[in-house]
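**Q** Sharing a structure, written as structure tokens. Questions coming.
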């Protein structure tokens, strides 16, 4: 891990001014995530990838550890260009250490020696160019935690915006108002993980619930499209009370936030747990609807949840987007975002989804 950290230290740049506060004694405060680390000279933040070099906060820049073209639904985004492709890129590191992490090979690479840590050097222009070349109208920062590499994502997104592309984050949402303000001019959408509604549940993952709730509220305040995902884990967050509390909070921010309740598969340090039954996800969907959410989707159980993956108009009940896993048909909602049957406005970023979708074109493996 020391060798990997040293190689990554050579692929850094000074932090964006908006994401660092200079303190006395050569220390700096990082503002990229909710930890707000006060970092002495020569030390690293909790994420392990943002470090103080002689009073300057150095941050990851100029490489990717994962690069692929995926269906946008895999992120998952259901109200963002359905049926389109997303050019997905990621780096290494995370500010949390979830024991169930599905992307631990990249997120925990600086903490866990068995994670590996492959990467290639690449420029923002090259990433944006690959998106155009592969027919992907969306560029997504994912695989690791993009908030801790927000400076790099901003450079990539600026290049993507120059080419008329949409931009998105797949994030744990453990953010700050400063990082949201920094991203807002160049970020169209964010998928936020809401892992638990108990402070102690977040402590197990190494984070703070309040920061995630504030991020969801902050995205709404800044008109950044937000979809929320809860990985429903048996024995951790699958009680009716906790699921109902999550749904009630989201409905209080906006009943139009799509809530994805997805099945857990045994992985990483939770390899001894059972997978989530489809019946649990259907129960979560019902609780979400009862709380007032208009769009609740079960995930990762394709074919086992009836028509619950589809998007229906909440006004007239008409089918808008049909889904079975990553097979998307029909798409009856156009760029204007209106129901073709009753004219109701459906929240989301719809646009033109005619570019070819992909079942997954791997450019750089994350495994």
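The values are calculated or read from the model by the stated rules, or taken from the named source; none is laboratory data. Source: prediction; values computed, not measured. Glycine also receives a Cβ, built like all others from the backbone with ideal geometry; neighbour counts cover every protein chain displayed.
**Q** Would you tally the residues in the range 182-211 being under 14 Å from the mean Cα position of the chain (by Cα), closer than 18 Å to residue 262 by Cβ and assigned to a loop (DSSP other than H, G, I, E, B)?
**A** Counting residues in the range 182-211 that are under 14 Å from the mean Cα position of the chain (by Cα), closer than 18 Å to residue 262 by Cβ and assigned to a loop (DSSP other than H, G, I, E, B) gives 2.
**Q** Right, another one. Quick one: which residue in 105, 87, 130 is touching a residue at least 12 places away in the same chain (Cβ under 8 Å), more than 13 Å from the chain's Cα centre (by Cα) and within 24 Å of residue 264 (Cα to Cα)?
**A** Just a single option satisfies the conditions, and that option is 105.
**Q** Going through the range 171-181 one residue at a time, which ones are surrounded by 18 or more Cβ atoms within 10 Å (Cβ to Cβ) and over 21 Å from residue 92 (Cα atoms)?
**A** 178
**Q** Given the criterion loosely packed, with under 15 Cβ neighbours inside 10 Å and either assigned by TED's automatic domain parsing to the domain that holds residue 79 or touching a residue at least 12 places away in the same chain (Cβ under 8 Å) (or both), identify the matching residue among 299, 337, 343, 322.
**A** The unique qualifying residue is 343.
**Q** Here's a follow-up. Would it be correct to say that residue 213 is modelled with pLDDT of 95 or more and surrounded by fewer than 20 Cβ atoms within 10 Å (Cβ to Cβ)?
**A** In short, yes.
**Q** Name the single residue, out of those in the range 6-45 being more than 20 Å from residue 153 (Cα to Cα) and in a helix (DSSP H, G or I), that is nearest to the chain's Cα centre (by Cα).
**A** Checked the range 6-45; the qualifying residue nearest to the chain's Cα centre (by Cα) is 6.
**Q** Continuing with the same structure: Going by what's in this entry, would residue 73 be described as more than 16 Å from residue 111 (Cβ to Cβ) and more than 20 Å from the chain's Cα centre (by Cα)?
**A** no
**Q** Looking at the range 215-235, which of its residues are free of Cβ contacts under 8 Å to residues at least 40 places away in the same chain and assigned to a helix (DSSP H, G or I)?
**A** 217, 219, 220, 221
**Q** Keeping to the range 19-35, report how many residues are farther than 22 Å from residue 210 by Cα, surrounded by fewer than 24 Cβ atoms within 10 Å (Cβ to Cβ) and in contact (Cβ under 8 Å) with a residue 24 or more places away in the chain.
**A** Total meeting the criteria: 3.
**Q** Within the range 327-341, does at least one residue satisfy the condition of being assigned to a strand (DSSP E or B), within 20 Å of residue 232 (Cβ to Cβ) and at pLDDT 95 or above?
**A** Checked the range 327-341: no residue is assigned to a strand (DSSP E or B), within 20 Å of residue 232 (Cβ to Cβ) and at pLDDT 95 or above.
**Q** Right, residue 138: at pLDDT 95 or above and in contact with a helix residue (DSSP H, G or I) (Cβ under 8 Å, 6 or more places away or on another chain) or not?
**A** Spelling it out, residue 138 is indeed at pLDDT 95 or above and in contact with a helix residue (DSSP H, G or I) (Cβ under 8 Å, 6 or more places away or on another chain).
**Q** Going through the range 51-79 one residue at a time, which ones are buried (at least 24 other Cβ atoms within 10 Å of the Cβ), in contact with a helix residue (DSSP H, G or I) (Cβ under 6 Å, 6 or more places away or on another chain) and part of a loop (DSSP other than H, G, I, E, B)?
**A** Passing the criteria: only 65.
**Q** Going through 155, 125 one at a time, which residue ends up being surrounded by fewer than 21 Cβ atoms within 10 Å (Cβ to Cβ), touching a helix residue (DSSP H, G or I) at 6+ places or on another chain (Cβ under 7 Å) and without any contact (Cβ under 8 Å) to a residue 60 or more places away in the chain?
**A** That would be 125, the only listed residue that is surrounded by fewer than 21 Cβ atoms within 10 Å (Cβ to Cβ), touching a helix residue (DSSP H, G or I) at 6+ places or on another chain (Cβ under 7 Å) and without any contact (Cβ under 8 Å) to a residue 60 or more places away in the chain.
**Q** Of the numbered conditions (1) under 25 Å from residue 141 (Cα atoms); (2) crowded, with 23+ Cβ neighbours inside 10 Å; (3) touching a helix residue (DSSP H, G or I) at 6+ places or on another chain (Cβ under 7 Å), residue 247 fails exactly one; give the number of that condition.
**A** (1)
**Q** Turning to a different aspect of this structure: Are any of the residues in the range 232-244 surrounded by 19 or more Cβ atoms within 10 Å (Cβ to Cβ), touching a helix residue (DSSP H, G or I) at 6+ places or on another chain (Cβ under 8 Å), assigned by TED's automatic domain parsing to the domain that holds residue 178 and under 14 Å from residue 173 (Cα atoms)?
**A** No, the conditions are met nowhere in the range 232-244.
**Q** Condition first: over 20 Å from the mean Cα position of the chain (by Cα), modelled with pLDDT of 95 or more and either crowded, with 19+ Cβ neighbours inside 10 Å or in a loop (DSSP other than H, G, I, E, B) (or both). Can you find one or more residues in the range 263-274 that meet it?
**A** no
**Q** Kindly provide the set of residues from the range 129-147 that are assigned to a helix (DSSP H, G or I) and buried (at least 24 other Cβ atoms within 10 Å of the Cβ), ordered by number.
**A** 131, 146, 147, listed by residue number.
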